[in-house]
Each structure stands twice: as C-alpha cells, then as structure tokens.
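Here's the structure we're looking at; comments come further down.
Any read-out appearing in this document is the output of simple, stated calculations on the displayed coordinates, not a laboratory observation. Worth saying up front: this structure is predicted, and the values here are computed from it rather than measured. A quick note on method: Cβ atoms are made from the backbone with ideal geometry, for glycine too, and the neighbour counts reach across all protein chains shown.
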Amino acid sequence: MNPDGAERSENKHIATAGLIVVDKPGGMTSHDVVAKCRKAFRTRKVGHAGTLDPMATGVLVLGLERATKLLGLLALTTKSYSATIRLGAGTDTDDREGVLGDRADVSGLDIATVAAAVEHFVGDIDQVPARVSAIKVDGRRAHDLARSGEEFALASRRVTVSRFDIGEHRIDDGWFDLDVEVDCSSGTYIRSLARDLGAALGVGGHLTALRRTAVGPFTLAQATPLAAIVDDPSPTPTLDIDAAVTLAFPTRPVDDVEAQTVSNGRWLDPIGMRGVYAAVDRHGRAIGLLEEKGKRAASVMVVRPSTMR
C-alpha cells in the first residue's frame, strides 16, 4: 500500500525488482553467485555489478528483474576492504593461490619500517594490475593469457587509495603478516598493493585474505550471506527498486503530470541538478533516472514505463 492509502498493482517485473546485497563466500566466482541467486529467486533476470575474485569474500551487489538495468548506472566508484598481506615472498598471482616465489628474510623488518613504506601507497598512485586480472589485452582477458603461459605486459593505471591503515601484525614461521583496511577507487587491486609493498620493502609480498566491506553506498551491514538466500524458500531482494534507487541516486520530486512524462520516456525541464538523479513521484516511487544536458533533463532509464504499469 502506498503512503496515501491507495492500493496500486504493479507489473510483476517491477514489483519483484530490486538489488540483492550478498555477502559472498570464498571459493566461488561472482558468476557462481549469480547462478545460485537465479535458482533461489526462480528467474534468469539476475546480474551483478562488478566482480569479486573467488578467494575474496564480502559485498557483491546483484540486480533482480528490472533492477538489472540499474547495475551499469550505479556509482560504485569507491570500495573498502579488509585484507591480510603476507610479506616474505611474492606469488605469480599476487595472492595465496599462486605459485610461491623465493623466500626472503623478514627478520630485519619492524612495524615502523612497514608503516613508512605503506605511506607511499596512499593518495593518487600508478599501479600495474595483477597478471590474473580481468583486464583485456588485445581482446583477451589477462588471466586467460597468464594461465596459458603467454608473455604480455600490462600498463600502469592511475588509482586512488584514500585509506591504507595497518591493524594487527604477526611474525611467524618466517612470515610477516599484516592486517590492513583499505579505502580506494574502483579499479584498484589490493593484490597489487600487497605485491608492490613487498617489493618496496625488498622481501616480496602477496595477499592471503580479502574481504570487501563496502562498495559505493552498499555495506556488509546490508549484506545477506549467500547460504541464507539459498536456504530461504521465498527470498526477497535486500532493497526493492524504489529503496535501491533512492539510496544510490539523488532524488527529484515530480508531480503526476511530470511522472507520466518521465514514464513515457520524455524529458523534463532542468532544475540545476548534476549527474544522474531519480525522478520520484508523490507515492515515493522511482519513475525514472534523468540527467540534465543543456535545456533538458533527459531520460537515462525509465524505471516504470507507462507500458508496464
């Protein structure tokens, strides 16, 4: 029931649409998670925004039904991670799943030295992605090239690391393990931070644990373990499409005439808002996403087309 008490029926593709914020377990690809959610929600219309490596756990955002069309528009430009970096050797994948390189002596390291090195990786930095990343090289994924044994080089990319905090550290069995918290821009590889920190210290380094704690406005506090979704006989999205849109985008209230205009894919007069924003009707429903260009607030996506009401 909407806020003014009037009953309204919705097209099933809108009524069941939303975002699923999953706490991904380790050992699964993002595609594996999508497959399990398709089965749990009994629909093929499930997609994911961004990926997490099989080793990684934590926040993975999925779209359900019509909300899959939101995925490419979400501003998921900031990400947060908890990770463990192991100093003492690198691997060919920059994480624990790769082939270990030569061991180095870490007995001369202390936390002050490590902390001083970490400072050089905060701010805008140039980073070479991991060789097993999904970046394309001449049309092929880097991880496919690496696994086939082909030689190739990846160009460095400018990324931003806004926080690289050191937590606990342990020295055991010739390893120097470091727990860290990282806030960074999209496109930053935590494995590459581990590799480059180890190289800067002259001992090599790789990642042994990675957990994504936030992506854009979506956090672990909202996330549901995948097992709980799979075991639920009638799972529902974490956020319905209206809650998802109003969380992810600024909003512009529209009256009934403007709502009908947006639902028909037509433009509104601009009001001076920047970026993509949501047109929300008097019932709190997201009608569409708009972006102002010149004298028009043009449609980017119609959430509730007039043909689907």
Next item on the list: Would you please give the residues with an amide H less than 5 Å from that of Val276, counting only those at least 5 places away or on a separate chain, with H modeled from the backbone geometry?
Entry: none
Check: Order of Tyr189, Tyr277 from fewest to most other C-beta atoms within 10 Å?
Finding: Tyr277, Tyr189
Checklist line | Unit charges on C-beta of K, R, D, E only; dipole of the chain, Debye | finding: 1520 debye
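I need His169, His283 ordered by Cβ neighbour count within 10 Å, fewest first.
His283, His169
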Next item on the list: About the Cα centre of the range 249-308, how large is the charge dipole given +1 on each Lys and Arg Cβ and -1 on each Asp and Glu Cβ? Please answer in debye to the nearest 20.
Entry: 140 debye
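Once you have the Cα-Cα distance between Thr219 and Ser186, take 0.36 nm times their residue separation minus that, and quote the gain in nm to one decimal.
Values: separation 33, 0.36 × 33 = 11.88 nm, distance 1.52 nm.
Length gained between Thr219 and Ser186: 10.4 nm.
Helix-only estimate, please: 222 nm mean residue ellipticity of the chain, summing -39500 (n - 2.57) across DSSP H runs of length 4 or more and dividing by its residues, to the nearest 500.
-5500 deg cm²/dmol
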Next item on the list: Exposed loop GluC sites (Glu not before Pro) only (DSSP loop, at most 12 other Cβ atoms within 10 Å): please give the longest stretch of the chain free of them, not including the sites.
Entry: 152-309
Next item on the list: Multiply the residue gap between Leu71 and Trp267 by 0.36 nm, knock off their C-alpha separation, and tell me the result in nm, one decimal place.
Entry: 68.4 nm
Next item on the list: Considering the options Phe41, Val122, Met308, tell which one lies farthest towards the positive end of the dipole of the chain, charges being +1 on Lys and Arg and -1 on Asp and Glu at the Cβ, about the Cα centre.
Entry: Met308
Item checked: Globularity ratio of the chain, using Cα Rg and 2.2 N^0.38 Å -> 1.17
Checklist line | Neighbour-count order for Met308, Met28, fewest beta carbons within 10 angstrom listed first | finding: Met308, Met28
Checklist line | Estimated translational D of the range 52-95 in µm²/s (Stokes, Kirkwood radius over Cα pairs; 4 °C; 1.567 mPa s) | finding: 95 µm²/s
Note to self: Excluding same-chain pairs closer than 8 in sequence, count the lysine pairs in the chain whose Cα atoms lie under 29 Å apart.
What the structure shows: 26
Notebook entry, point to check: Just Ile14, Ile271, Ile287 to compare: in a GNM of the chain, with alpha carbon springs under 10 Å, which one fluctuates most?
Noted result: Ile271
